[in-house]
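Visitor: There's a structure below that I have some questions on.
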Amino acid sequence: MQLSCPKCGAREVRLSHRQGIKERLKGLIGVSQLRCRRCRHRWETSAWASGAWHYARCPRCYRQELTTWSEHYYNPAKWTVMLLRLGATPYRCTACRCNFASFKACKEQFTWRHQTLAQPATPQIERPPGPVQSALKHQPSPRPTESEEPML
């Protein structure tokens with residue numbers, strides 16, 4: 001299932017309204033119309049493509065980057081509770097924060113990865129002067145002598 005826009009590459013997609021009887025019939029067999037939220041491009045994708053039907057996906061945005069949730073902290077709908085009692089796994093979509101239950105396995109386990117990039121060499125930071133150095137810096141400068149004064 002292609003969840004990134006073929007035109008701009010964004011993954012901010014939504015289900016598009018079906019237009020006509022042909023698209024409604026395709027929807028019954030798993031072919032969906034998606035629309036990009038950025039560039040408004042519309043394309044057709046299939047739930048059967050590339051084996052995506054094997055794995056759980058968010059019912060709202062179709063993403064497969066999922067985490068799990070606990071029934072202790074959320075108040076799920078009755079249908080979701082029934083699925084959980086029958087042995088379904090509780091999943092949460094990280095993009096749209098939708099909690100749902102599915103009997104399918106998770107394809108992409110979402111993790112917050114912290115990338116460590118190579119840091120550029122930091123310039124030497126001048127430390128604030130200590131009490132002795134600050135006293136020396138604030139002394140009045142000596143007056144120029146008569147030999148050092150410019151002649152006009």
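Visitor: Scan region 1-22 residue by residue and report those that are outside any loop (DSSP other than H, G, I, E, B) and modelled with pLDDT of 85 or more. Outline the logic, then answer.
Guide: Just the residues of region 1-22 that are outside any loop (DSSP other than H, G, I, E, B), to begin with: 13-15, 21-22.
Hits for region 1-22 are Ile21, Lys22.
Visitor: For region 59-92, which residues satisfy the criterion of being of a type in the set (A, V, I, L, M, F, W, C), modelled with pLDDT of 85 or more, surrounded by 14 or more Cβ atoms within 10 Å (Cβ to Cβ) and part of a loop (DSSP other than H, G, I, E, B)?
Guide: Result: Trp69, Ala88.
Visitor: Within the set of pairs 6 or more residues apart or between chains, which connect a residue that is in the same structural domain as Ala105 (by TED's automatic domain parsing) and among the aromatic types (Phe, Trp, Tyr) inside region 66-78 to a residue that is in a strand (DSSP E or B) and surrounded by 11 or more Cβ atoms within 10 Å (Cβ to Cβ) with Cβ atoms less than 6 Å apart?
Guide: Trp69/Pro90; Trp69/Arg92; Trp69/Asn99; Tyr74/Asn99
Visitor: When you go through Val13, Val81, Val31 one by one, which is the residue that is farther than 20 Å from Ala105 by Cβ, under 19 Å from the mean Cα position of the chain (by Cα) and not polar (S, T, N, Q)?
Guide: Values: Val81 fails: under 19 Å from the mean Cα position of the chain (by Cα); Val31 fails: under 19 Å from the mean Cα position of the chain (by Cα).
Answer to the check: Val13.
Visitor: Would you point out which residue out of Gly87, Gly27 is outside the structural domain of Cys106 (by TED's automatic domain parsing) and either out of contact with any helix residue (DSSP H, G or I) (no Cβ under 9 Å at 6 or more places or on another chain) or in contact (Cβ under 8 Å) with a residue 24 or more places away in the chain (or both)?
Guide: Details: Gly87 fails: outside the structural domain of Cys106 (by TED's automatic domain parsing).
Sole residue among the options that is outside the structural domain of Cys106 (by TED's automatic domain parsing) and either out of contact with any helix residue (DSSP H, G or I) (no Cβ under 9 Å at 6 or more places or on another chain) or in contact (Cβ under 8 Å) with a residue 24 or more places away in the chain (or both): Gly27.
The values are calculated or read from the model by the stated rules, or taken from the named source; none is laboratory data. Given the structure is predicted, the values throughout are model-derived calculations rather than measurements. Heads up, the Cβs are rebuilt from the backbone with ideal geometry, glycines too, and the neighbour counts pull from every protein chain shown.
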